[in-house]
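Here's the structure we're looking at; comments come further down.
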Amino acid sequence: MKLLQEQTQKLKIGESLIIQTASRLLIPFIQLFGLYVIVHGHYSPGGGFQGGVILGASFVLLALAFDQKFSMQYMSEKTSGLLANTGALIFVGTGTLCAIFGGLFLHYSALDVLIPLGPIEWRSFGIFIVEVGVGLAVMSNMAILFWVLGSNGEMDEGL
Amino acid sequence: MIWILDLLILSLLVICAIAAINIKDLLSATIIFGVYSFLMCLLWAEMGAVDVAFTEATVGAGISTVLFIAAILHTSRRSKD
Amino acid sequence: MTVPNLHIYVLAAPLLTAFFVNLFGRRSNTVIAILTIGSLTFSSLASLVVMSGILKHGQINYVVGNWQAPYGIELVVDHLSALMLVLISVVALLASMSALKSVSQEVPGREHQLFTLYLILIAGLMGLVLTGDTFNLYVMLEITSITAYGLIAMGKGRAPLASFNYVIMGSVGACFYLLGVGYLYLMTGSLNMADIYQILQTMDGGAAVATAFAFILIGLWIKMAFFPLHGWLPNAYSLAPTGVALIAAPLMTKVTIYLMVRVMFSVFSAEYNFVQHQLAQNIIVWTAAVGIICASAMALAQRDLKRMLSYIIVAEVGYMVGGIWLANETGMTGAILHIVNDALMTLCLFLAVAAIIYRLGSCEFDQLQGIYRKMPITMAAFTVGAFSMIGIPPTAGFFSKWYLLLGGIEAGQWGYVVALLFSSLVNAILFFRIIEIGFFHRDGEPHSHEEAAKAPLSMQIPLMVSAATLIIIGLSSGSLVDAIIKLTIPIGF
Amino acid sequence: MKALALFTTLVTGAVLLYGTMDFPAFGDPQSPASTHISAYFIEEAVHETHVPNLVTAVLGDYRGYDTMFETVVIYCAGLAVISVLRRKKSDKEDSRS
Amino acid sequence: MSYQTSIWPLAAVLISLVGSIPIMLSGRRPNVRESWTILIALGKVIIVASLLPAVLAGGGFEFTIAEVIPGVPIALRVDAMGMFFALVASLLWLLTSIYSIGYMRALNEHAQTRFYASFAVAISATLGVAFAANLLTLYLFYEILSLSTYPLVTHEQNAEARKSGRKYLTYILGTSIALALPGMLIVYSIAGTLDFKVGGILTGTGVAPQTLALILILFLFGFAKAGLMPFHGWLPAAMVAPTPVSSFLHGVAVVKVGVFSILRIIFHILGPEQLVLADIGWIITTLASITIIVASLIALTQDNLKRRLAYSTIGQLAYMVLGAGMLTAAGMTGGLLHIAMHAFGKITLFFCAGAIAVAAGKKYISQMDGLGRRMPLTYLAFMFGSISIIGMPPLGGFISKWNLVLGAVNGDQLILLLVLLVSSLLNAAYFLPIVYRGFFAEAADPVYDQGIKEAPTFCLIPLCVTACASLALFFYPDVFLRLAQLALAL
Amino acid sequence: MEQFTASIIAKYNYWIYVTLMMIGFYAMIGKRNLVKKLIGMNIFQTAIILMFVSSGVKIGAKIPILDKHKALEHGIGVAGVVNPLPHVLMLTAIVVSVSVTGVALAILLRIYRKYGTLDEDEILEKLGK
């Protein structure tokens, strides 16, 4: 009980212990769900984009419940930039690789020379790869959008 | 029967849209816009576009609204029109 | 085996490089310079190879991801798009050389971000000219717009306001385009341009198709700043960082005009455009004429070189739209030739402006006194560009204007002819006013031989190249028309 | 100004409504949009890609080129926002005047 | 008539254009720079002269640079008419170059490098106009000439020069874009070609007389360098330029290019026969007559010597147009011949004016009393020049004027005869008093005039040469006469 | 009368979309507040998305997620599945719309930093000074 009081005193205006605790509990599940949406996009609604947004939303939730600095401990500005680059690069790179390996642009079957899965399975697998790229890019960019807008460009405590 | 539900949502949509652009308090307008997005998402799910509905739920009602709120909190809530 | 993919590499090179610029360009500008110039040089060379291939073997229909035409996305490389591809990559190469210096002066510390967006913008423009799919065109349109919004907003002072205005107008334009595509999709069930063309031949046009046509056109007009929808352009281009204006001014409006040609002749047919819409044709040519006159008049009122050039761009858009809607082969030839020429001369003038701003910090008319002595080479190139804008032979501008005027006479559109002549005269006044200011000195200033503060070499070389290109293109415009542009004119004339 | 805006809006709306006159009826399975290309996707996509979610199949493969640029759009948005808005705390370049 | 392909016409045009580069590069060493100038001028004369025999024999040369518009290349062709003009221009350029060395050095002008370089470009453009094989090429070089003379006109870079430069460009560029360009387009859309052809390319196309008249007017005013009223205002204004510029450009190159272009249009585009048939020659002659009389009257009132010469030029240019407008063989020959005769006469006068300015520092006629006794050679040359312009024997001007009178008589156009006579009287009235006062009037300021000597040798030689040439042309006009007849296919 | 009702049932979706689009468009060009313009833009875009999605609807059809094995073995009746193509297009359109919104909001914050207001008239007033 005393611990609780101490913690409550540490809180800044606009922050609430219940929300903080709840979101700490929730965020792993949200992220798990986001991953599930990305990976399971072949079989159910969703895909890289929706999953990425959900992953990004988990950071938004962190930033809202605590403050922005806190959420940036999990993914720094630099990392997010790197991830955004990587995500987009995965997609464009895959496309270009297909062209380089003798197919047409984004012709995933051409990557069969790398790992022989069969042309049709490669279609499926290629979609998976690019979905992961989309997911990464969307996640980090959604987080960046919120951080920058939420802190008016200063990347500090935020709202 | 489904088209009655359709009509209901559609008329709510129009009401929300008009409200969103006419309310003087921008924060409320944004929230109403969020509601509008949710209704839209409902409509699309009902039309069989589950992926679009999913996306609209996360983006239109989620991220977009949050971004709007973030921007409005840094600027001003009032609006002349 | 890689040769069929070559035009894709033209596009992919700047796109891939963009990510690396963002990753590694933070620390040093040299890396940015090497990556940017390297990728664009590759694109330029590759696009020239593509062009020669097209001239030899005819058009390429490329299916992305090996999905056959109406189902997958088709890229069409015909004479016109190959020409545009060469134009974009060469202009981008020249502009980026100069932009490197100018950007590091104007937005220090953010060069890597700017050049990432810059390269993606170029890739988007290339994508626009390559695509054969109406919806893909929308996506590309948004890529170019969104990068342009960001790039323009990086300017100082009122730039964000101009950019916001552009966001609103640009979104309206893009949405209108998308509406048009939606209507077409509802009526034909297809998104592929060639496929839609085929279907439209067999079905009765009707209200929905007419609406689609109108909305697509209006959407593109907003994007290209066709009078009276031009409101966003002058502010956006004149307040953007100079390095950005260098790429946006020569290319963006021209590419949008290319898109108009593409949509008018690859999606709809010439008969549909001109025969069924005789009245529309007249209205549009007259609007173009009025637009040319108004924009020229507005340009007269400006006291800043960059702003003045922005208004001239609006007038030039009127030239080209009017030329296309003259509905004869001569006007069409003129319009397409003018796309090339106008891109090059706008580039030349903006490169000169960039050099001036780099040295003087501003390009208001009062600052320019005696500039011929201070920056002789820059101003010599500027003069060539100005002559081309006015339309003095043997610079390129004259020849496209020749075809446009001839087309106007053939079509009996006298209003358009008069507007063109008027705008030439106004351009003469505009540019000779600057030449006069630059040639004479401030009152009382002695005719001393002060040490010339020339622009850095990396700004002068593209400038001189572009000025020389204007004359070379001018002298070879006959063969250009015969070898390429004649073949680009869509069927139906 | 507002009257002009209202007028433009009404004209646009009227033209769009006029355009809808020719539309196939809502939900008609025989409309061109539902028969021409999409039939191919519904029938063949699973065979050709082994992805049962048709939307994912079309998004990731048949129209992968679009999706690639969609990703680039998002990327550009993030980058543009940073480059437009990001500033250091001491940066008072264009503080309110 | 057959033309053989040859690079020499191009060389004749380009030699001075390319030559402007070493001139610019050697800007720091005046002697080198001026040797270049003379060398290039000499080279040009030699090239042009070497082409002469073939042309006199009825042949010609041509060279295509680039095919820019279907059916209309940028091409050069040396025919009799072009040769006629090129010969005059290149000969006089050589003399002017020598003269300007003396003049510029004596006055210690600034920016001499720019001066010589622009001059070289201008003469290139002049030869380009002379050798143009079609209207487009002519237009191209016409515009280059307008632009390259701008730095020459505004050489002083002071407020007055700025004003004059603006006027100059407004008139020249404005008319060429707004009038000549549409005229050219109309011709192209009717004929489908712009090649110069003896007899005219519009002959036989069945053009309506109204259209023909429209085209004619567009070109008459479009080539404003010919100074037809009301588009003459730039000429007096442009006199702020240094005298070599005035003498060469406004005595020879620029204004004659205007007239030459108009003559080309009348002879080789519209076709004299067509004009006779359509009966619209009166448009030309009326405009020219008005210009002649009004310009002469204005010249009478001018006190500034250069301005008086300028108005005289306007009047004389109109003679040439008048001759062409008579549409008779003699008249047209006279008009063409007058280009050469007037060039030699007028350049002498300008040289003299410059020499007086250099030696005595005087610009106004009223100050020049008694100056002839101090500068006898200059004044003698001045007298020769004025007599030639008035059209009295034994000087070259008589030949052309005689042909003009003949043309008027042949064409039964007695009003024109009257115009010629009256204007000759007026010419005499504004030139002879200068000579008279120079030799016989009392000096207004004898003390000051004591120190005046003849101008520097570099100035003196050219003016003597041109004066003698004027004299010689009376006795030996054969070359020019033959060229004129060839040009008109008589 | 029956025809009229039929035409209502056949087209009402499109009419509502036009209405929404008009509301959004009016906000974009008629409202003076910059945030309102952006909300209008979003409404405009969702209206277009509504149109596209409506075009893919088939009455009595299932969502476009199939049973893999059944599909591979027996094939699919086209009329039984909703048209997936508009959905794909609209996913892209939604992404684009949120990106544009983000960039626009960033620009908007820049404007507010400089002028301290989001009202177009007030900004113009400040510029006029």
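The values are calculated or read from the model by the stated rules, or taken from the named source; none is laboratory data. On a predicted model such as this, the values are computed, not experimentally measured, just so you know. With ideal geometry, Cβ positions are generated from the backbone for all residues, glycine too; neighbour counts draw on all protein chains shown. Ligands, DNA and RNA are excluded from the accessible area calculation, which covers all protein heavy atoms including side chains. Shrake-Rupley method; radii C 1.70, N 1.55, O 1.52, S 1.80 Å.
Before moving on, here are some points about what is shown:
- Taken over segment A:116-128, the criterion of being touching a Phe, Trp or Tyr at 6+ places or on another chain (Cβ under 8 Å) and either open to solvent by less than 10 Å² (accessible area, probe 1.4 Å) or of a type in the set (A, V, I, L, M, F, W, C) (or both) is satisfied by A:L117, A:W122, A:F125, A:G126, A:I127.
- Conditions (1) buried (at least 21 other Cβ atoms within 10 Å of the Cβ); (2) closer than 30 Å to E:L194 by Cα; (3) of a type outside the set (A, V, I, L, M, F, W, C): number failed by E:Y99: (2)
- In segment C:43-74, the residues that are among the hydroxyl-bearing types (S, T, Y), within 23 Å of C:N136 (Cβ to Cβ) and within 25 Å of the chain's Cα centre (by Cα): C:S43, C:S47, C:Y62
- Residues located in segment A:129-143, provided they are open to solvent by less than 10 Å² (accessible area, probe 1.4 Å) and of a type in the set (A, V, I, L, M, F, W, C): A:V130, A:V134, A:A137, A:V138, A:M142, A:A143
- E:L147 being facing another protein chain (nearest Cβ under 10 Å) and touching a Leu at 6+ places or on another chain (Cβ under 6 Å): no
- Close Cβ contacts (under 9 Å, 6 or more residues apart or on different chains) running from residues in segment E:375-399 that are without any contact (Cβ under 8 Å) to a residue 60 or more places away in the chain to residues that are part of a loop (DSSP other than H, G, I, E, B) and not acidic (D, E) comprise E:I387/E:P393; E:I387/E:P394; E:I387/E:L395.
- Of the residues C:M375, C:M308, C:M345, C:M389, the single one that is more than 19 Å from the chain's Cα centre (by Cα) and within 30 Å of E:T154 (Cβ to Cβ) is C:M375.
- Flag for B:L27 being in contact with a helix residue (DSSP H, G or I) (Cβ under 9 Å, 6 or more places away or on another chain) and either more than 7 Å from chain F (Cβ to nearest Cβ) or open to solvent by less than 20 Å² (accessible area, probe 1.4 Å) (or both): yes
- The C-beta contact set for segment A:84-103 (first residue within 7 Å of chain C (Cβ to nearest Cβ), second residue part of a helix (DSSP H, G or I) and of a type in the set (G, A, S), distance under 6 angstrom, 6+ apart or interchain) comprises A:A88/A:A137; A:T96/C:A12; A:G102/A:A110; A:G103/A:A110.
- Matching option when the condition is of a type in the set (G, A, S) and within 14 Å of chain C (Cβ to nearest Cβ), among E:G82, E:G71: E:G71
- Just one of the numbered conditions (1) open to solvent by less than 30 Å² (accessible area, probe 1.4 Å); (2) under 30 Å from the mean Cα position of the chain (by Cα); (3) at pLDDT below 85 is not true of F:I65: (1).
- Restricting attention to segment C:63-91, the residues that are crowded, with 23+ Cβ neighbours inside 10 Å, part of a loop (DSSP other than H, G, I, E, B) and hydrophobic (A, V, I, L, M, F, W, C) total 1.
- In the set (1) farther than 28 Å from E:V129 by Cβ; (2) assigned to a helix (DSSP H, G or I); (3) among the polar types (S, T, N, Q), C:S400 fails one condition alone, (1).
- Restricting attention to segment F:59-87, the residues that are at the interface with chain B (Cβ under 8 Å from one of its Cβ atoms) and either more than 18 Å from F:Y14 (Cα to Cα) or outside any helix (DSSP H, G or I) (or both) add up to 6.
- When residues in segment B:47-78 are screened for being open to solvent by 10 Å² or more (accessible area, probe 1.4 Å), of a type in the set (G, A, S) and facing another protein chain (nearest Cβ under 7 Å), 2 of them pass.
- Taking segment C:139-153 as the range and being more than 9 Å from chain D (Cβ to nearest Cβ) and under 18 Å from C:M84 (Cα atoms) as the test, the residues that pass are C:L141, C:T144.
- Hey, D:T49 open to solvent by less than 10 Å² (accessible area, probe 1.4 Å), over 30 Å from F:R110 (Cα atoms), of a type in the set (S, T, N, Q) and in contact with an Asp or Glu (Cβ under 7 Å, 6 or more places away or on another chain) or not: yes
- Selection count, segment E:115-143, where residues are under 23 Å from E:I46 (Cβ atoms) and within 11 Å of another protein chain (Cβ to nearest Cβ): 2
- Subset of segment C:187-204 that is more than 16 Å from D:Q30 (Cα to Cα) and open to solvent by less than 20 Å² (accessible area, probe 1.4 Å) - its residue that is nearest to the chain's Cα centre (by Cα): C:M193
- Matching option when the condition is in a helix (DSSP H, G or I) and under 26 Å from the mean Cα position of the chain (by Cα), among E:G183, E:G200: E:G183
- Scoring C:V340 on the criteria (1) closer than 30 Å to C:S102 by Cα; (2) of a type in the set (V, I, T); (3) more than 17 Å from the chain's Cα centre (by Cα) leaves a single failure, condition (3).
- Residue match in segment E:45-67 (condition: more than 17 Å from E:F131 (Cβ to Cβ), touching a residue at least 40 places away in the same chain (Cβ under 8 Å) and part of a helix (DSSP H, G or I)): no
- Hey, F:I16 at the interface with another protein chain (Cβ under 7 Å from one of its Cβ atoms), modelled with pLDDT of 90 or more and under 16 Å from the mean Cα position of the chain (by Cα) or not: no
- Test: residue in segment E:106-114 that is surrounded by fewer than 22 Cβ atoms within 10 Å (Cβ to Cβ), assigned to a helix (DSSP H, G or I), touching a Ser or Thr at 6+ places or on another chain (Cβ under 9 Å) and β-branched (V, I, T): yes
- Filter result (over 19 Å from F:I43 (Cβ atoms) and out of contact with any Phe, Trp or Tyr (no Cβ under 8 Å at 6 or more places or on another chain)) within segment C:162-185: C:L184
- Residue check for E:V121: farther than 28 Å from E:P477 by Cα, in contact with a Ser or Thr (Cβ under 8 Å, 6 or more places away or on another chain) and not in a strand (DSSP E or B): yes
- Helices (runs of 4 or more DSSP H) fully within segment A:1-114 counting 2 or more residues that are modelled with pLDDT of 90 or more and buried (at least 17 other Cβ atoms within 10 Å of the Cβ): A:17-39, A:48-65, A:77-100
- Answer residue from segment E:457-490, given it is assigned to a loop (DSSP other than H, G, I, E, B) and open to solvent by 50 Å² or more (accessible area, probe 1.4 Å) and is nearest to E:A54 (Cα to Cα) among those: E:A489
- Within segment C:265-321, being of a type in the set (K, R) and part of a helix (DSSP H, G or I) holds for C:K306, C:R307.
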